[in-house]
Amino acid sequence: MNKTRRSIKTDLLVCAFLVCASAVPAHAMAEPVSESAALITTIEERVGLRQRTAGVFTQEKYISVLPQALQSHGEFSYDPKDGLVWETLKPIPNKVVFDEQGIRQSMDGETVWEIDAKQPAVTTITQVISSVLAADWQGLQRYFEIDGKLDGERWTLRLEPRDEVLAQIVDAIVLGGDRELSRMTLMEANGDRTEIHFQMHDASQP
């Protein structure tokens with residue numbers, strides 16, 4: 001139980017480090033290479049940009065000092081007005097909300113962790129996560145070097161951080177799917193990794 005709670009906190013801290021390291025001016029980043037841009041355009045046309053989305057997820061957290069992965073599952077929703085709601089249902093119910101007020105985690109209806117939106121970095125992490133869930137790959141090019149491949153209807157994208165500080169926390173993020181995003185792997189610099197599988201529901205219609 002304590003290890004699972006620590007994993008929840010670790011994931012939140014990784015998110016916090018991710019946003020702080022990613023909050024660099026856009027003009028300081030190199031322009032994406034044309035090959036990657038062409039690949040991303042093809043995938044974007046296949047998946048389609050979504051203003052709103054929702055679904056369920058299953059997550060496996062692999063920590064180097066533990067013999068087995070920590071498993072959890074839950075549901076999420078995103079739209080530009082309400083932001084992203086990431087709710088773990090099992091094994092320990094908790095909810096993380098990313099919106100215009102900031103980032104906050106609640107358990108049993110009480111806020112246990114939060115970052116105020118007045119910090120510029122909070123906006124960045126919301127933009128990154130929103131870009132992933134909305135299939136806005138072009139938006140992700142601001143923060144990551146992107147490479148990938150197509151294999152029939154299946155596609156894979158590998159995102160490697162442009163910023164050196166971010167690279168000390170995250171080695172890479174791997175995304176994959178077909179007509180929708182179905183999986184994401186976060187590979188941390190310390191050797192841990194998190195694998196998330198999505199079942200997306202198109203919430204674009206009112």
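Where a number appears in this text, it was derived from the coordinates with a stated rule and is not lab data. As the structure is a prediction and not an experimental result, all values here were calculated from the model. In this analysis, Cβ positions are derived from the backbone assuming ideal geometry, glycine residues included, and neighbour counts consider all displayed protein chains.
Figures for the structure shown
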quantity: Cross-link partners of Lys95 among aspartates and glutamates (Cα-Cα below 12 Å; sequence separation of 8 or more within a chain); calculated: Glu75, Glu87, Asp108, Glu110, Glu114
quantity: Rounded to whole Hz, the Karplus (6.51, -1.76, 1.60) HN-Hα couplings of the range 63-71, x for glycine and proline; calculated: 10, 4, 8, 10, x, 10, 6, 8, 9
quantity: Per-pair calculated FRET efficiency, R0 = 41 Å: Thr41 and Glu87 via Cβ, rounded to 0.05; calculated: 0.80
quantity: Rounded FRET efficiency, nearest 0.05, which uses the C-beta distance separating Glu100 from Tyr62 and R0 of 35 Å; calculated: 0.55
